[in-house]
Amino acid sequence: MPAHITRRQLWSLVALTLMWGINWPMMKYSLRELSPLYFRALTMTGGAIWLYTYYRARGLRMMPQGAEWRSVVWLGLPNMLGWHTFAILGVKELASGRAAILGFTMPIWTVLLSVLVLGERLTRRVGFAAVAVALAIGLLTFNELTTLSGRPLGIVWMELAALSWATGTLLMRHARLTLPIETLTVWMMILASACLWVIAYLNEPWPTWQFSGLMWGSLAYGMLINYGFAQTIWSGLARHLPPATSAMSIMAVPLVGTLSATLIVGERPTWQDFAAMLCVMAAIAAVLLPPRKTQAP
């Protein structure tokens with residue numbers, strides 16, 4: 001184990017990867033009894049309340065001031081509202097493991113947007129990543145179009161989600177923030193969930209709120225684990241983890257999501273799913289892992 005990663009950080013990273021990966025089939029399970037937009041609005045609201053209470057008890061400043069509200073709105077649109085809305089619509093249409101694979105093409109889109117919009121240099125690694133992601137999307141699109149239950153629209157939703165997340169990531173990198181990142185996250189969630197309640201009310205029938213016990217457990221997982229514990233763990237790790245370590249975590253999430261979906265919702269991955277997963281993992285490794293340092297002669 002590298003000296004710069006403590007044992008506690010390592011176990012926290014493992015727990016985070018499992019939480020994020022398992023969340024994909026848990027979302028799919030929840031959509032059996034609740035429409036997607038109301039599900040997202042409910043779980044995000046519960047998670048925001050949980051985090052607000054937790055961080056306030058720790059003494060963090062929890063109210064943005066003045067121009068900080070502009071950062072909350074500007075960064076919250078792609079990072080919270082865009083990503084979470086498009087992603088849950090994609091999960092509704094696709095197998096959860098497949099949605100996870102497509103959603104975690106985000107790091108590649110981030111690098112490509114940097115090249116196209118910010119004028120960063122196009123390297124061989126970036127070119128390889130773009131080809132690998134295109135191959136992954138092609139494999140999954142072909143599979144969707146050739147099955148009777150194919151939902152190619154779900155692929156569009158998931159790539160819009162990944163692009164939204166990538167855009168938000170670039171905005172975060174260039175933002176000059178004066179409020180704690182935990183406060184920013186909570187208020188992005190609060191505003192996004194408020195928007196989701198309105199969007200859900202306008203587009204979906206009002207739920208009956210009569211759910212099975214397993215469904216209530218799934219909702220609790222979304223609120224407390226996905227938006228709660230996972231977010232607090234990530235907030236603590238993000239400032240200290242080296243890029244290679246966080247890259248490995250991101251690469252493992254689609255794998256955990258695909259494998260856990262077999263147990264939770266009974267999905268059976270195809271060879272296209274595993275091939276696409278390998279393509280995405282290779283692409284993430286190409287753009288996020290640092291190059292080997294060559295020794296000077």
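Which of the residues spanning the stretch 3-48 are over 24 Å from G76 (Cα atoms), touching a residue at least 24 places away in the same chain (Cβ under 8 Å) and of a type in the set (F, W, Y)?
Of everything in the stretch 3-48, just one residue is over 24 Å from G76 (Cα atoms), touching a residue at least 24 places away in the same chain (Cβ under 8 Å) and of a type in the set (F, W, Y), namely Y29.
Quick one: how many residues across the stretch 44-70 are within 18 Å of Q231 (Cβ to Cβ) and assigned to a helix (DSSP H, G or I)?
Number satisfying all stated conditions: 14.
Restricting the search to the stretch 24-43, which residues are in a helix (DSSP H, G or I) and within 18 Å of W206 (Cβ to Cβ)?
S30, P36, L37, Y38, F39, R40, A41, L42, T43, listed by residue number.
So T262 clears everything in (1) at pLDDT 85 or above; (2) touching a helix residue (DSSP H, G or I) at 6+ places or on another chain (Cβ under 6 Å); (3) among the polar types (S, T, N, Q) except one condition, right? Which one?
Of everything listed in (1) at pLDDT 85 or above; (2) touching a helix residue (DSSP H, G or I) at 6+ places or on another chain (Cβ under 6 Å); (3) among the polar types (S, T, N, Q), T262 misses just condition (2).
Is it true that T270 is in contact with a helix residue (DSSP H, G or I) (Cβ under 7 Å, 6 or more places away or on another chain), of a type outside the set (A, V, I, L, M, F, W, C) and modelled with pLDDT of 85 or more?
Judged against the criteria, T270 is a match.
Please indicate, with yes or no, whether at least one residue in the stretch 20-36 is surrounded by fewer than 15 Cβ atoms within 10 Å (Cβ to Cβ), over 22 Å from L263 (Cα atoms) and among the basic types (K, R).
The answer is no; no qualifying residue exists.
Run down A194, A220, A166 and say which single residue is assigned to a helix (DSSP H, G or I) and in contact with a Phe, Trp or Tyr (Cβ under 8 Å, 6 or more places away or on another chain).
Within the list A194, A220, A166, the selection yields A166.
Considering G103, G82, G97, G90, which residue is in contact (Cβ under 8 Å) with a residue 40 or more places away in the chain, surrounded by 24 or more Cβ atoms within 10 Å (Cβ to Cβ) and within 19 Å of A200 (Cβ to Cβ)?
Step by step, each of G103, G82, G97, G90 is checked, and only G90 is in contact (Cβ under 8 Å) with a residue 40 or more places away in the chain, surrounded by 24 or more Cβ atoms within 10 Å (Cβ to Cβ) and within 19 Å of A200 (Cβ to Cβ).
Of all residues in the stretch 44-67, how many are crowded, with 16+ Cβ neighbours inside 10 Å and of a type outside the set (G, A, S)?
10
The values are calculated or read from the model by the stated rules, or taken from the named source; none is laboratory data. None of these values were measured; they are calculated from a predicted model. Cβ coordinates were reconstructed from backbone atoms using ideal geometry, including for glycine residues, and neighbour counts include every protein chain displayed.
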